[in-house]
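Student: Take a look at the following structure, please.
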Amino acid sequence: MRKIIVCAPFLPSVMDELRQHFEVVTAPEGSRLRREEVLKALPGAFGLTADGVRVDEEMLEAGRDLKIVVCGGAGYDHIDVEAATKRGVWVCNNPDPVTEPTAEMSVALMLAVCRRVSEWDRLVRKDQYAYWGNAKRMGTTVMDMQLGIIGMGRIGRAVARRARALGMTIVYHNRHHLTSELEEGAKYMDLAKLLRTSDVISLNLPLGASSRKLLGRAEFELMKPTAFVVSTARGAVMDEAALVEALERGKIAGAGLDVFEHEPGIPKALLAMENVVLTPHRGGNADGVMEASMRERARQLMDADSGKIPANLLNP
Ligand SMILES: O=CC(=O)O
């Protein structure tokens with residue numbers, strides 16, 4: 001039996017299935033292996049599930065026998081895919097279970113911040129309707145607004161489908177133009193024009209060298225003072241300090257954020273802002289999604305073990 005390392009244990013039923021095929025190194029339920037523990041277990045390992053560990057040169061060097069690294073979710077910015085490819089290690093992500101839930105969270109954050117859902121909720125609990133009639137605090141309907149989606153991959157397109165049903169006009173920016181059947185009724189726009197003209201800007205792109213701090217001070221300057229920014233991507237796609245400053249100075253109207261630059265840390269200033277809705281990186285993680293993702297990762301490992309090309313291979 002080949003050895004695999006499961007950094008954060010899967011559900012018991014999935015672990016049982018894996019143990020029928022592999023010698024499994026993992027952590028006690030409810031915990032996860034620390035980096036040093038993973039490094040120690042890597043020699044001789046065939047597979048690794050990279051949950052909460054950075055797979056870099058040091059890991060790959062320790063894992064000289066690795067054939068496959070799998071990660072849950074869509075984003076794989078914690079894995080050095082180029083280094084893995086050089087060493088002939090397969091890297092797989094798992095976008096299928098998280099695509100629709102993440103898009104839904106983008107829309108949930110958009111509606112929550114535009115219609116001030118969290119803010120109203122806090123007021124109802126505190127204040128028992130005392131705010132009725134305060135016209136400045138009514139919130140903004142998204143109907144007829146322009147939504148600018150940055151990153152028109154699977155998740156961005158799933159956001160576009162939902163936004164269309166809300167009566168929004170949709171534009172997108174992406175590394176490349178899409179064919180019209182993939183555009184979901186959206187129109188391509190260059191980034192500066194999208195930022196200048198959109199009422200809501202949704203970040204749905206992966207984090208990589210070209211997208212790190214894509215939105216900084218200059219970009220927030222371009223936005224309308226009435227614009228909202230929503231992100232379920234990665235915190236580092238925005239310069240978080242510049243975002244805080246833009247919110248503090250009223251350069252934009254509000255933000256809905258599921259992701260942060262230094263999770264689980266959230267800038268204190270954001271916690272104090274009423275026009276910001278915050279969720280703890282739950283975009284892709286609705287009930288049942290984790291189980292589906294664990295089963296898919298187990299399938300990828302077992303396929304690789306039996307010599308099949310696993311699904312969602314990033315570096316074929
Ligand atoms: O963060 C979640 C994902 O990358 O799917």
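Every number in this text was worked out from the coordinates using simple rules, so none of it is lab data. What you see is a predicted model, and the numbers here were worked out from it, not measured in a lab. Positions of Cβ are backbone-derived with ideal geometry, glycine not excepted, and every protein chain shown enters the neighbour counts.
Student: Would you kindly derive the ³J(HN,Hα) couplings of region 308-316 from the backbone phi angles with the Karplus curve 6.51 cos²θ - 1.76 cosθ + 1.60 (θ = phi - 60°), listing them in order in whole Hz, with x for Gly and Pro?
Tutor: 8, 6, x, 5, 6, 6, 8, 9, x
Student: Cβ neighbours within 10 Å, averaged per peptide: list 238-245, 38-45 in order, most packed at the top.
Tutor: Highest to lowest by the protection proxy: 238-245, 38-45.
Student: Which of rounded, prolate, oblate describes region 187-273, given a ≥ b ≥ c as roots of the alpha-carbon gyration tensor eigenvalues and a/c under 1.5 marking rounded, otherwise prolate only if a/b is larger than b/c?
Tutor: Oblate, since a/c reaches 1.5 and b/c is not below a/b.
Student: Using helices alone, what [θ] at 222 nm do you get for the chain, with -39,500 (n - 2.57) per DSSP H run of 4 or more residues, divided over all residues and rounded to the nearest 500?
Tutor: Taken over the chain, the calculation gives -10500 deg cm²/dmol.
Student: Let's see if you can work this out: charge +1 on each Lys and Arg Cβ, -1 on each Asp and Glu Cβ, no other charges. What is the dipole magnitude of region 166-268 about its Cα centre, in debye to the nearest 20?
Tutor: 260 debye
Student: In vacuo Debye scattering of the chain, one point per C-alpha: log10 I(q)/I(0) at q = 0.07, 0.14 Å⁻¹?
Tutor: Each listed q corresponds, in turn, to -0.32, -1.06.
Student: Continuing with the same structure: Taking every DSSP beta bridge with both residues inside the chain, roughly what % is antiparallel (nearest 5)?
Tutor: Around 5 percent of the beta bridges assigned by DSSP in the chain are antiparallel ones.
Student: Would you work out which of G307, L111, V55 lies farthest towards the positive end of the dipole of the chain? Charges go on Cβ: Lys and Arg +1, Asp and Glu -1.
Tutor: L111
Student: Show me 182-195, 70-83 ranked by packing, highest mean number of other Cβ atoms within 10 Å first.
Tutor: Most protected by this proxy first, the peptides run 70-83, 182-195.
Student: Still on this structure, I have one more. Rounded to the nearest 20 debye, what is the charge dipole size of the chain about its Cα centre when +1 sits on each Lys and Arg Cβ and -1 on each Asp and Glu Cβ?
Tutor: 560 debye
Student: Compute the helix-to-body angle for 12-21: its Cα long axis versus the longest principal axis of the chain, expressed 0 to 90° and rounded to tens.
Tutor: Orientation of helix 12-21: about 40 degrees from the principal axis.
Student: Under the Kirkwood approximation for Rh and a Cα-based Rg, what ratio Rg/Rh is obtained for region 266-316?
Tutor: Rg divided by Rh gives 1.28.
Student: Where the centre of each part is set by its Cα atoms, how far does region 15-55 sit from region 135-196, in angstrom?
Tutor: 40 Å
Student: Could you derive backbone 3J(HN,Hα) for region 260-267 from the dihedral phi with the Karplus parameters 6.51, -1.76 and 1.60 (θ = phi - 60°), listing whole Hz in sequence and x where the residue is Gly or Pro?
Tutor: 9, 5, 10, 4, x, x, 10, x
Student: Sticking with this one: Among 291-298, 271-278, 61-68, how do they line up from the highest to the lowest mean number of other beta-carbon atoms within 10 Å?
Tutor: Those peptides, ordered most packed to least, come out 291-298, 61-68, 271-278.
Student: Under 8 Å for C-alpha pairs, at least 6 residues apart: give me the relative contact order for the chain, rounded to a whole percent.
Tutor: 18 percent
Student: Running Debye on region 1-141 with equal point scatterers at the Cα sites and no solvent, what base-10 log of I(q)/I(0) appears at q = 0.21 Å⁻¹?
Tutor: So the normalised log intensities work out to -1.23.
Student: Helix 95-114 versus the longest principal axis of the chain: what is the Cα-based angle in degrees, 0 to 90, to the nearest 10?
Tutor: Value to nearest ten degrees: 20.
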